Amino acid sequence: MKIILAPMEGVVDALMRDMLTRIGGYDLCITEFIRVVDQKLPPRVFTRLCPELLNGGKTFAGTPVRVQLLGQDPHWLAENAVRAVELGSPGVDLNFGCPAKTVNKSRGGAVLLKETNQLYQIVKAVRDAVPPQFPVSAKIRLGYEDTSLTLDNAAAIAAAGASMLTVHARTKSDGYRPPAYWPWIAKIKQQVAIPLIANGEIWNATDAALCRQQSDCKDIMLGRGALAMPNLAQSIRDNSPAMPWPQVLELLMQYSEFEMCGDKSQYYSNRIKQWFSYLKLQYPPAAELFSQLRVLRKSSEILTTLEQALHLVTDNATA
Ligand SMILES: Cc1cc2nc3c(=O)[nH]c(=O)nc-3n(C[C@H](O)[C@H](O)[C@H](O)COP(=O)(O)O)c2cc1C
């Protein structure tokens, strides 16, 4: 079984990838998307979003990190895909699932699921341009408004030469509303011969087993669940329980210290709040702490609140 850490714009950055892959269980990470419009982007755009490129395309724990591109123009996507692998990305992933209005308005992301031929042209151009030893993968939803083109889209992507296809088993209109329609992935599998990765609504080991059974897919990708339970991948592999809350607090502190001094420090408070919005699904004390953090604007105030919470749990443990 391969377990892939999902791309999550605004949440799963290099630091999060570093922490989660150190905890273990992941075979591959996909970066947040790089938006490609009509130019070859400078290397700094790639290294800012994927600093692992400076580390041989791997996290410090040694997990490969593949750059994801989002765009609609086959030529410019191909040019930037080549640049990504030249800079050290072990392959390229193409985003055909993003539901954001701004992206969809300019014909990027999930809206391309209405244009089967364009999907084909994009994947073909990228596959032809990137040296064959580098995988070119794609990530789709089941469709834009409905599933009428699901099988055609998957077949077009496979025919264009994609090495692997991740299926987030919902349409763009479904948003993130449960359920994820895992049996749809099994239907796709009957039509296409490339490796499929099942994605959507895997929050624990039981979900993972059900998803693998219903999708007939051995490999999975974890998104929000990986943030709700930092050891989710490992727990799926060995049925271990969720990481204890004090350990999660230590991770939060570690994340804060690094994130606040990195060049993304201005995003710190939003990022940590977004992480909390997932943690509170798994950990009741996270919900309590989130209600205090939610109103805080300054990074230093958030850090102090986290420190106090950590002291409280360690004092209680030693009392
Ligand atoms: C905040 C957020 C950001 C995301 N960013 C991306 C992205 O950059 N690229 C992408 O292909 N999917 C993105 N996704 C979709 C996830 O990769 C994944 O397909 C989705 O969350 C379903 O999986 P899950 O139910 O395990 O979370 C994002 C999802 C969320 C919630």
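The values are calculated or read from the model by the stated rules, or taken from the named source; none is laboratory data. Note that this is a predicted model, so its numbers are computed, not measured. When we count neighbours, we look across all protein chains shown, and the Cβ atoms used for this are built from the backbone with ideal geometry, even at glycine. Only protein heavy atoms, including side chains, enter the accessible area calculation; ligands, DNA and RNA are left aside. Shrake-Rupley method; radii C 1.70, N 1.55, O 1.52, S 1.80 Å.
As a fraction of the 1.4 Å probe accessible area of region 3-238, surface on carbon and sulfur atoms comes out at 52 percent. For the chain, the solvent-accessible area works out to 43 Å² per residue, with a probe of 1.4 Å and every protein chain left in place. Pairwise Cα distances in the chain exceed 28 Å for 40 percent of all pairs. Computed extension length for S240-R48: 65.7 nm, one decimal, from 0.36 nm per residue of separation with the Cα-Cα distance subtracted. Computed over neighbours whose Cβ is under 12 Å from that of T21, the net charge equals 0, Lys and Arg +1, Asp and Glu -1. Largest accessible area first, the residues V67, V313 order themselves as V313, V67 under a 1.4 Å probe with ligands, DNA and RNA left out. Sorted on the mean count of surrounding Cβ atoms within 10 Å across their residues, most packed first, peptides 110-116, 287-293, 246-252 read 110-116, 246-252, 287-293. The packing ranking, built from the mean of other Cβ atoms within 10 Å per residue, places the peptides 224-231, 176-183 in the order 224-231, 176-183, highest first. Stokes-Einstein diffusion coefficient for region 115-208 at 4 °C in a medium of 1.567 mPa s, Rh from the Kirkwood formula over Cα pairs: what value in µm²/s? Roughly 95 µm²/s, to the nearest whole number. Looking at the chain, the DSSP beta bridges with both ends there are about 5 percent antiparallel. Given R0 = 22 Å, the distance between the Cβ atoms of S106 and S173 translates into a calculated FRET efficiency of 0.70.
Would you mind pulling out the separation of the Cα centroids of region 266-283 and region 129-174, in Å? Computed from Cα coordinates, the inter-centre distance equals 30 Å. At a probe radius of 1.4 Å, what is the per-residue accessible area of T206, in Å² to the nearest 10? Probe radius 1.4 Å; accessible area of T206 about 100 Å². Hydrodynamic radius of region 245-318 by the Kirkwood approach over all distinct alpha-carbon pairs: 12.4 Å.
Our estimate of slack between F60 and A287, defined as 0.36 nm per intervening residue step minus the Cα-Cα distance, is 78.7 nm.
Between R297 and D216, the C-beta separation translates, for a Förster distance of 30 Å, into a calculated FRET efficiency of about 0.05. Electrostatic tally near H168: other residues with Cβ closer than 12 Å to its Cβ, Lys and Arg +1, Asp and Glu -1, net +3.
Other residues lying with their Cβ under 15 Å from the Cβ of V136 contribute a combined charge of +1, Lys and Arg counting +1, Asp and Glu -1.
Within region 56-173, the ratio Rg/Rh, alpha carbon atoms throughout and Rh by Kirkwood, equals 0.97. Under the simplified labelling scheme, the A317-T206 pair shows an inter-label distance of 2.7 nm, with each label point 7 Å from Cα along Cα→Cβ. Here the Kirkwood formula, the inverse mean of 1/r across different C-alpha pairs, assigns region 7-128 a hydrodynamic radius of 14.5 Å. Of the residues K2, K172, ranked by 1.4 Å probe accessible area with the largest first, the sequence reads K2, K172.
Sorted largest first by accessible area at a 1.4 angstrom probe radius, with every protein chain in place, the residues S277, S269 fall in the order S277, S269. For the chain, the mean residue ellipticity at 222 nm estimated from helices alone is -14500 deg cm²/dmol, where every DSSP H run of n ≥ 4 contributes -39500 (n - 2.57) and the total is divided by all residues, rounded to the nearest 500.
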